[in-house]
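Reviewing the structure listed below.
A short reminder: the numbers here are calculations on the coordinates, not readings from a lab. Here the structure is a predicted model, which is why all the values come from computation and not from measurement. Ideal geometry is used to build each Cβ from the backbone, glycine not excepted, and the neighbour counts take in all protein chains shown.
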């Protein structure tokens, strides 16, 4: 099942006997388990029927004994195991253990009045195992996958639109460049931001600079844009700012951003069809930015892009101390000069 399907069922009051939530992205696991914790029981029922446990402090036998209890003065009880990946021997390894697995027995024949939620974070289980197949057949097995970096701006846009605010694609990209791909961190920052912006308003670069801290003029996205336009003055202003604020502008992040950018320009040069729609699809970008890549490709022929990507690899090594002891700011200044000339 998808995240949306699970939340839709929960809102309709449809609760499965077991939820096994696993995967690298903790955000969706937390959202599902928190919804169940908050809504499966009335406030008056929670004192005796809501049990929140932690994997490292819980024995599997004790957990299942709790799951087999009947609710007190309520139609259901809820048992949530946070950090279930730390539960000892959660996934049996040997054949002998599998044959005697008490969790498997419970999943095949769960107590209908119990909602058992296992939050198995930062890793996945093998869906080919008997346990995974039993969960999928008898209850809910949900894998929470990390989003690719190029999907984060759209996720930010959807999140903000869902709260009835507005944001333009460029601002969403700037946010994603600064906040990375940790959805929990992003959602927390967006919530703080929206507390300071009037409901229904458009979130702007100025709001982000004021309430999140990323400069609207001096960031990796603006550096990328300056290089794409071969705007020497703007590019040098940005790298000077980076050099004076190295903690907030680590070179490794800038190198990664530029590598992604010029790699897309290289892909553009190989395209047969170069309409805005096909460029956006092939590069995995919002169509809003297609013209920028098309214009940058005119300024950077294929041969030059190959040289730039080679330089990026070289300066990545230098930043790690290979054949260089220069400061990050000086390395970035040298690299940008090579890119622009």
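From the P(r) of the chain, could you give the percentage of C-alpha pairs in the tail past 27 Å? Can you show the working numbers first?
Working: 33790 of 57970 pairs.
Tail of P(r) above 27 Å: 58 percent of Cα pairs.
Between residue 216 and residue 260, with labels modelled 7 Å along Cα→Cβ, what's the label distance in nm to one decimal, could you check?
Distance between label points: 2.3 nm.
Expected output is a single nm value to one decimal: the length gained when fully extending between residue 133 and residue 181, i.e. 0.36 nm times separation in residues minus the C-alpha distance. What is it? Don't jump to the answer; show the numbers that get you there.
Values: separation 48, 0.36 × 48 = 17.28 nm, distance 3.02 nm.
My answer for the length gained is 14.3 nm.
In degrees from 0 to 90, rounded to the nearest 10, what is the angle of the helix 302-319 Cα long axis to the longest principal axis of the chain?
For helix 302-319, the angle is close to 70 degrees.
Just the Cα atoms of segment 286-341, one point each, no solvent: what log10 I(q)/I(0) does Debye give at q = 0.21, 0.29, 0.30 Å⁻¹?
-0.82, -1.09, -1.13
Output the peptides 71-77, 223-229 sorted from most to least packed, where packing is the average of other Cβ atoms within 10 Å over each peptide's residues. Intermediate values should be presented prior to the final figure.
Values: 71-77: 15.4, 223-229: 20.6.
The packing order, highest mean first, is 223-229, 71-77.
Say R0 is 56 Å: what FRET efficiency, to the nearest 0.05, do residue 232 and residue 124 get from their beta-carbon distance?
Values: r = 47 Å, r/R0 = 0.84.
That pair, residue 232 with residue 124, gives E of 0.75.
Kindly rank 317-325, 305-313 from highest to lowest mean number of other beta carbons found within 10 Å of each residue. The partial results should precede the final answer.
Working: 317-325: 11.9, 305-313: 16.4.
Going by the mean number of other Cβ atoms within 10 Å, highest first, we get 305-313, 317-325.
Peptides 269-277, 293-301, 19-27: what's the order by average Cβ count within 10 Å, highest mean first? Write down the numbers at each step before the final one.
Values: 269-277: 11.1, 293-301: 15.8, 19-27: 20.3.
Ranking, from highest mean packing down: 19-27, 293-301, 269-277.
With axes computed from alpha carbons, what is the tilt in degrees of helix 328-340 against the longest principal axis of the chain, rounded to the nearest 10 within 0 to 90?
60 degrees
Please find the FRET efficiency linking residue 46 to residue 147, where r is the Cβ-Cβ separation and R0 is fixed at 25 Å, and quote it to the nearest 0.05. Could the numbers behind the result be given before it?
Details: r = 33 Å, r/R0 = 1.31.
It comes to 0.15.
Once both labels are modelled 7 Å past Cα along the beta-carbon direction, what's the residue 309-residue 56 spacing in nm?
Roughly 4.3 nm, to one decimal.
Evaluate the relative contact order of segment 3-143 (contact order divided by residue number), counting alpha-carbon pairs under 8 angstrom at least 6 apart; express in whole percent.
Numbers: 227 pairs, mean separation 55.2, N = 141.
Reported relative contact order: 39 percent.
Which length gain, in nm to one decimal place, applies between residue 248 and residue 154 when the Cα-Cα distance is subtracted from 0.36 nm times their residue separation?
31.4 nm
Return one number: the angle in degrees, 0 to 90 and rounded to the nearest 10, between the long axis of the Cα atoms of helix 152-162 and the longest principal axis of the Cα atoms of the chain.
60 degrees
log₁₀ I(q)/I(0) of segment 149-211 at q = 0.12, 0.17, 0.22 Å⁻¹, via Debye over equal Cα point scatterers, no solvent, to two decimals?
-0.23, -0.47, -0.83
Tell me, what is the Rg over Rh of segment 162-288, with Rh the Kirkwood radius over Cα pairs?
Values: Rg = 16.0 Å, Rh = 16.1 Å.
Rounded to two decimals, Rg/Rh equals 0.99.
Based on the Cβ-Cβ distance of residue 86 and residue 12, what FRET efficiency does E = 1/(1 + (r/R0)^6) give at R0 = 30 Å, to the nearest 0.05? Before the final figure, lay out the partial values.
Details: r = 32 Å, r/R0 = 1.08.
Taking R0 as 30 Å, the efficiency between residue 86 and residue 12 is 0.40.
If contacts are Cα pairs under 8 angstrom and at least 6 residues apart, what is the relative contact order of the chain in percent? Let's see the in-between values first.
Numbers: 439 pairs, mean separation 50.7, N = 341.
With pairs under 8 Å counted, the relative contact order is 15 percent.
Which of these, 247, 82, 163, has the largest mean-square fluctuation under a Gaussian network model of the chain (Cα springs below 10 Å)?
Comparing 247, 82, 163 in the GNM, the peak value goes to 247.
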